[in-house]
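Below is one structure, written out as structure tokens; the observations come after it.
Readers should treat all values here as calculations from the given coordinates under stated rules, not as data from a laboratory. Note that this is a predicted model, so its numbers are computed, not measured. With ideal geometry, Cβ positions are generated from the backbone for all residues, glycine too; neighbour counts draw on all protein chains shown.
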Amino acid sequence: MPQINDVNSFIFDTAVIGAGPAGLSAAVRARFVKSRGAYPMSAIVFDSSVKTGGLANFSKTKLTGPSFSLERGELVSKLMKDIELFDIPILRSSVVEIKRNRGGSVFTIKDSHGVKYLTKSVIIATGMRPLSNEFEYFGRGVEITYMGYDFINKMIKKFINDAAVNDSKFMIYGNKYSINLINFVISAINGLKTDYKKLSPLFLIDADEQDIAKDKVYKKYPFLFSFGKITGFSGSGRLNRIIVESKGVVRSEKVDRVLLDYNSFELAPDFKIKISPAASITDRNGFIKTDAAGRTRAEGIFAAGDICGPYYSVSRAMAGGITAAFSAYEFVTARLKKIRNYSLFAYRATNFRPEINYREIAVELNTDKIAVISKAAGIKKLILAEFKKLPKRQLDKILCYFRQYGVLDIKDFEDISKILEISVLELTSLIELMIDEKLLSVYRN
Ligand SMILES: Cc1cc2nc3c(=O)[nH]c(=O)nc-3n(C[C@H](O)[C@H](O)[C@H](O)COP(=O)(O)OP(=O)(O)OC[C@H]3O[C@@H](n4cnc5c(N)ncnc54)[C@H](O)[C@@H]3O)c2cc1C
């Protein structure tokens with residue numbers, strides 16, 4: 001697998017967006033295919049949060065399910081062991097766009113810094129909300145709604161009281177489905193006989209959801225509302241400020257406590273990744289629609305976990321991630337690389353350890369056209385010499401060692417592309433094509 005600093009020019013077999021239970025399970029399964037003769041896929045994971053594990057790493061919560069109870073972080077640390085074992089890079093990056101390139105077989109993933117990555121398939125496992133750094137402030141100014149309304153009632157009254165007594169700023173952040181909570185809060189405030197205006201603005205509603213303005217509670221208390229999307233939390237020790245983005249304008253607001261209305265994200269997730277060319281893969285509430293195999297309507301794009309809608313549980317997220325990875329495998333091998341598609345299965349001796357040559361490129365060896373070159377044998381020189389000798393039309397006969405193994409770097413690619421008078425991108429696609437056509441093998445000896 002490539003190192004982090006190589007990833008921008010490597011074409012991954014699959015890119016997983018989100019490092020919660022669904023995404024981590026998908027990435028591990030993509031690499032650990034467990035079927036004799038099958039080849040593992042190369043995988044990369046993106047996560048917008050500072051912490052791996054998504055909601056499964058939430059605060060001090062124990063994860064429970066039928067017959068299991070996992071301490072905080074236990075599940076994620078198990079998944080992370082496999083992520084490390086299979087050498088899967090996780091980038092701390094928020095994905096903003098998935099673009100299908102011309103020709104259709106490669107996607108460009110763009111992150112919020114404008115950096116681009118190439119992949120043959122995509123697994124979306126973004127959960128209900130792209131976590132920024134709220135993890136850092138859970139219990140220290142950031143709270144979420146996740147239990148029954150009885151609990152929320154008490155919690156809200158306490159927060160409002162605290163805000164009034166300490167003259168601190170409290171806000172509730174949600175979307176159009178927060179209207180029930182808003183009405184609930186208003187009645188709680190009425191009970192407390194608090195001056196509404198002092199709390200203003202109390203509700204921060206995602207900027208795209210301005211239709212809340214049509215609601216009668218908004219008409220009655222417009223001063224309690226503000227609009228925007230929280231993209232960051234800050235403060236030393238405790239929460240002190242939030243970064244809010246609205247219609248491209250970023251502002252910083254002083255706030256001491258934020259209640260994130262997770263119940264509203266359970267009804268409409270905060271999914272904002274642009275898919276181009278535009279493909280309708282979500283339902284009207286923003287959940288991604290898939291078939292039972294995790295396939296979306298857009299070929300090569302798969303999804304799993306909470307982003308696919310209820311029910312919300314780690315078991316379902318993991319099962320969905322595994323299923324989506326199997327489907328991505330089928331897509332990449334059978335459809336794109338046109339090699340035999342082994343039926344995969346999900347069990348194997350538990351003491352399995354990948355060897356150094358547990359590499360992902362799915363090609364079958366064709367000894368007529370392929371020779372083995374050892375890394376020690378001055379491979380770079382050899383490849384350059386081979387490229388120099390060959391006329392373009394014979395290119396499909398060359399053997400080269402692919403750059404993700406660290407043998408060639410970007411400079412070599414530039415050199416080779418100059419010799420061949422083609423762009424680096426064309427060269428990369430050419431090599432990929434050769435791999436697909438089984439004219440080129442890449443493995444370490
Ligand atoms: C308080 C609480 C208690 C829970 N208790 C239980 C329990 O006891 N048992 C149980 O089974 N389930 C429980 N759950 C539910 C469970 O945690 C979720 O169902 C599960 O984590 C969903 O997994 P996921 O991978 O789909 O999404 P998530 O865990 O939400 O992970 C999604 C990840 O995607 C990342 N992401 C989002 N957008 C982007 C982007 N654009 N670019 C890059 N990264 C992105 C996010 O940062 C996040 O890390 C609980 C949830 C909460 C909040």
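A few comments on the model shown:
- For the stretch 165-181, backbone nitrogen atoms closer than 18 Å to the point 7 Å from Asp215 Cα along Cα-to-C-beta are found at 171-181.
- Summary of packing: across the peptides 172-184, 268-280, the per-residue average of other C-beta atoms within 10 Å ranks them, highest first, as 172-184, 268-280.
- The stretch 116-205 - charge dipole about Cα centre, Lys and Arg +1 at Cβ, Asp and Glu -1, debye rounded to 20: 240 debye
- Separation in nanometres of the label points that stand 7 Å from Cα toward Cβ, at Asp162 and Asn285: 2.9 nm
- For the stretch 262-320, the square roots a ≥ b ≥ c of the C-alpha gyration tensor eigenvalues yield an a/c of 1.5 or more together with a/b not exceeding b/c, which makes the shape oblate.
- The packing ranking, built from the mean of other Cβ atoms within 10 Å per residue, places the peptides 64-70, 87-93 in the order 87-93, 64-70, highest first.
- Three-way shape call for the stretch 134-264 based on the alpha-carbon gyration tensor, with the a/c threshold at 1.5: rounded
- Per-residue ³J(HN,Hα) for the stretch 212-222, Karplus 6.51 cos²θ - 1.76 cosθ + 1.60, θ = phi - 60°, Hz, x for Gly and Pro: 4, 4, 7, 6, 5, 5, 5, 4, 7, 10, x
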